[in-house]
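Enquirer: Pasting in a structure now, in structure tokens, and then I'll have a few things to ask.
The values are calculated or read from the model by the stated rules, or taken from the named source; none is laboratory data. All values derive from a computational prediction rather than experimental measurement. Quick reminder, even Gly has a Cβ in these numbers, built from the backbone with ideal geometry, and neighbours come from all protein chains shown. Accessible surface areas use protein heavy atoms only, side chains included; no ligands, DNA or RNA. Shrake-Rupley method; radii C 1.70, N 1.55, O 1.52, S 1.80 Å.
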Amino acid sequence: MPPFLQFLLRRFIAIPISLLIITMLLYAGVMLTPPETRAAIYLPAPNAHQTEADIARLTELTIKKYHLRDPYLLQYGYWLKSLLQGTWGYSPTINENVLPALLRRTPATAELTLYSVLFFIPLGLVSGVLAGWRQRRGFDNTFRFMAFVATSFPPFILALTFLSFFYVNLHWFAPGRIAQEFSFQISDPAFRSITGLYTFDTLLNGRFDIFVDALRHLAMPVFTLSIYHWATLGRITRSIIITERHKEYLVAAQARGLTDQRVIWRHAFFNTLAPSFTSVALSAASLVTGVFVVEIIYRIYGVSDVIVRAMQGSPDAPAALGFCLYSIVMVLFVMFVLDILQAIFDPRIREDLFNS
Amino acid sequence: MRYSRRFWSRWQNWLAAILVLSFTFVALAAPFLSPNDPKKPGPLKVVGRSTETEPQPPSENAPLGTLPHQLSVYHALVWGTRDAMRFGLLVAFSTACIGVLFGAVAGYAGGAVNRTMMRVTDAFLTFPIIAGVVLLQQLWLNAVYTNGGAITNLYGGSGPKAVSDSAIQVLLQHVDPLTISLILLSWMPYARLVNTLVIELKKTEFIIAAHALGATPERILFRHLLPNAITPAIVLVARDVGSFVILQATFTFIGLTGNSPWGFVLAAGRDWVIGPGGTIMTYWWTFLPATLLVILFGITWNLLGDGLSEVLDPHRD
């Protein structure tokens, strides 16, 4: 097997292991509730003819079937099995099975995450490298000030400010995912939905007007989400390049008479990638939290919509548990993608993987 | 002393210290700055008729005006400061204690124990806070219901409250799902940081010497390893106080959970940012003071963190 595939496989196997640990912890939390509540995780959609007695009997059957009065490990095993079979339970508040409800809302979340990551990672890396290369000069001072402001400014206040200026006053951008008139056209059967991401689908269908409108709706959330992560990534990249700058290979490159631009971008830059990407991977969980918060503020009905509705009043264990698991899978996926990107770009890892 | 002279040589650090002191002052002096309504103590005080939905401009009773239902903005901000300081310090110090201990014990034990413990740390890193909040909120709701309690919504915005008199219900009233999930899900950076430092320190001569002198493991851990590994954690604590409070306000603002009075004021003032007629400053008191206060709070702790990091950890900056 080629080394790169081996690497992919090794990283991919790490995902189930993490999931195993975290689901065991999750279920340990769920064990604090009485068996009747735990049965709710498995119950199917109720139908109108069921009486109270029917539901009680069904609950009792479910408790028996999934061994909900048995020791922890056994229950956990049954729960894991039902998860893998796609039985994530039925949520009474949103009147839907949890897994399809989550999957249907994924494209909106994926689109927001994708554009934010594409926006803040390159920007953070480049500005961090430039700031650190010429420490305490003009650009560095500007960068440090902006990064300071960006990390201390609460994102939800930033969102409020954007909404009042760019939406209400200037009408440049708008909350939501797409304008009303286009949302009808998009749900029309003539419009082929391929990826679920509006920016991709509209281009594939050749509808530039809707594409521009989708971008107009993405601008504010993407910017709100990116700015904090841009600042943290930039700061870390900056401190890495400061320690890297005096390494011998860079001094040697400069002594050979290479231009500054070439030394920075051909030699130093790729060596800062590994630690920078690691730091982004470590904050993947906070990125996902940020995505959901931004979705809620800008009224983008993504995955967070499930909990916004489910958390309104009565307890809804299946929705909460499903959302929890789903967001953990999202974090693991982001980490996995970053790992792969790092392997492709970092020369030290790449040489090992492709040439051995 | 070398540290303190370096710290006080920068004006930013003076500013940070003054701001931290003023927030502390407001937090401690809240009962004098804005006395509670004796009938209904709490950060939300009604001045005037609570059925009146239009915010009223600043007056003698409410120096910063009122929100819809005539809740005093000034009162909420002052008591909110008290709440924010308590919440931020409590959560930041609890996470720091858990993380530092976990990381240090793992690093000192070394080998397979260290690998397993750090694997658990990594697993926790994949858990987004919002997911923890949602899950704990559900567990909490469940505990309230199964113990025979009920839930009321205080003014519809600042999170549900359990009502009943039994001991367990009173306990549940004082447990905030957000606080617990923040503590449970934020200790990992401390553990990782202290862990690498302890592993490095373990190889140094003074620890080997302590071993040779027959010091007990506890003594080595608490007397020699921890004091030398704890400085970067202090910087993190300073930054975290601000970010936890902002996170709490965020969750209150989006209406998920949390009892931040600041977040509540912002959520209530949200609809009045653009007043009738489309002008932005007509109802400025409903959103501007709270916004500025939250921003200032974030800046304060960030400044303090930056100042401390430059003094304690000069190589990284």
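Enquirer: What accessible surface, in Å², does a 1.4 Å probe find on residue A:187, ignoring ligands, DNA and RNA and rounding to the nearest 10?
Expert: 90 Å²
Enquirer: Residue by residue, what Karplus-based ³J(HN,Hα) values in Hz, rounded to whole numbers, does the stretch A:83-96 have, using 6.51, -1.76 and 1.60 with θ = phi - 60° and x for Gly and Pro?
Expert: Listing the rounded values in order: 4, 5, 7, x, 8, 9, x, 10, 9, x, 6, 9, 6, 7 Hz.
Enquirer: Write down the accessible area per residue of the protein assembly as shown in Å², having rolled a 1.4 Å probe over the full set of protein chains.
Expert: I get 47 Å² per residue for this part.
Enquirer: Could you tell me the number of lysine pairs in the protein assembly as shown with C-alpha atoms less than 29 Å from each other, where the two lysines are 8 or more residues apart or belong to different chains?
Expert: Taking the protein assembly as shown as the scope, the lysine pair count is 7.
Enquirer: About its Cα centre, how strong a charge dipole does chain B have in debye, to the nearest 20, once Lys and Arg get +1 and Asp and Glu get -1 at the Cβ?
Expert: Using Cβ point charges on Lys, Arg, Asp and Glu, chain B gives about 660 debye.
Enquirer: Further, regarding this structure: Using protein chains only and a probe of 1.4 angstrom, how many square angstrom of residue A:55 are accessible, to the nearest 10?
Expert: Here the residue's solvent-accessible area equals roughly 70 Å².
Enquirer: Determine how many Å³ per residue the convex hull of the Cα atoms of chain B encloses.
Expert: Roughly 183 Å³ of hull volume per residue.
Enquirer: Can you compute the FRET efficiency between residue A:103 and residue B:90 using 1/(1 + (r/R0)^6), with r the Cβ-Cβ distance and R0 = 35 Å? Round to the nearest 0.05.
Expert: So the FRET efficiency works out to roughly 0.35.
Enquirer: Next question, about the same structure. Would you tell me the accessible area of residue A:13, worked out with a 1.4 angstrom probe on the heavy atoms of the protein chains, in Å² to the nearest 10?
Expert: Residue A:13 exposes around 100 Å² with every protein chain in place.
Enquirer: Then there is this: Tell me the Kirkwood hydrodynamic radius of the stretch B:195-317 in angstroms, computed as one over the mean inverse distance between distinct C-alpha pairs.
Expert: 18.1 Å
Enquirer: Ignoring any ligand, DNA or RNA, what whole percent of the accessible area of the stretch A:136-251 comes from carbon and sulfur when the probe is 1.4 angstrom?
Expert: Heavy-atom surface of the stretch A:136-251 belonging to carbon and sulfur, 1.4 Å probe: 67 percent.
Enquirer: Contour minus end-to-end for residue A:261 and residue A:167, with contour as 0.36 nm per residue of separation and end-to-end as the Cα-Cα distance?
Expert: Fully extending the segment from residue A:261 to residue A:167 adds 29.8 nm.
Enquirer: Run the dipole for chain A about the Cα centre, Lys and Arg Cβ at +1, Asp and Glu Cβ at -1, nothing else charged, and hand back the magnitude in debye, nearest 20.
Expert: The dipole magnitude comes to about 1060 debye.
Enquirer: In the protein assembly as shown, what is the volume of the convex hull around the alpha carbon atoms, normalised per residue and reported in Å³?
Expert: 228 Å³
Enquirer: Excluding residue B:71 itself, calculate the net charge of residues whose Cβ lies under 13 Å from the Cβ of residue B:71, where each Lys or Arg counts +1 and each Asp or Glu counts -1.
Expert: It works out to a net charge of 0.
Enquirer: Which percent of the accessible heavy-atom area of chain B goes to carbon and sulfur, probe 1.4 angstrom?
Expert: 66 percent
Enquirer: Could I ask something else about it? When chain A is modelled as a GNM with alpha-carbon springs shorter than 10 Å, which of A:177, A:105, A:69 fluctuates the most?
Expert: Among A:177, A:105, A:69, the largest mean-square fluctuation in the Gaussian network model of chain A belongs to A:69.
Enquirer: A further question follows. Using Cα pairs under 8 angstrom and six or more residues apart, how large is the relative contact order of chain B, in percent?
Expert: 22 percent
Enquirer: Also: Going toward the positive end of the dipole of the protein assembly as shown, with +1 on Lys and Arg Cβ and -1 on Asp and Glu Cβ, which of A:205, B:245, A:349 do you reach last?
Expert: Going by the Cα projections, it comes out as A:349.
Enquirer: Relative to the longest principal axis of chain A, what angle (0 to 90°, nearest 10) does the C-alpha long axis of helix A:208-244 take?
Expert: The answer is roughly 60 degrees.
Enquirer: Same structure again: Grab the other residues whose beta carbon is less than 15 angstrom from that of residue A:123, score K and R as +1, D and E as -1, and report the net.
Expert: Combined, the nearby Lys, Arg, Asp and Glu give +2.
Enquirer: What's the buried accessible area, both sides, between A and B using a 1.4 Å probe, rounded to 100 Å²?
Expert: Chain pair A/B: roughly 4300 Å² of buried accessible area.
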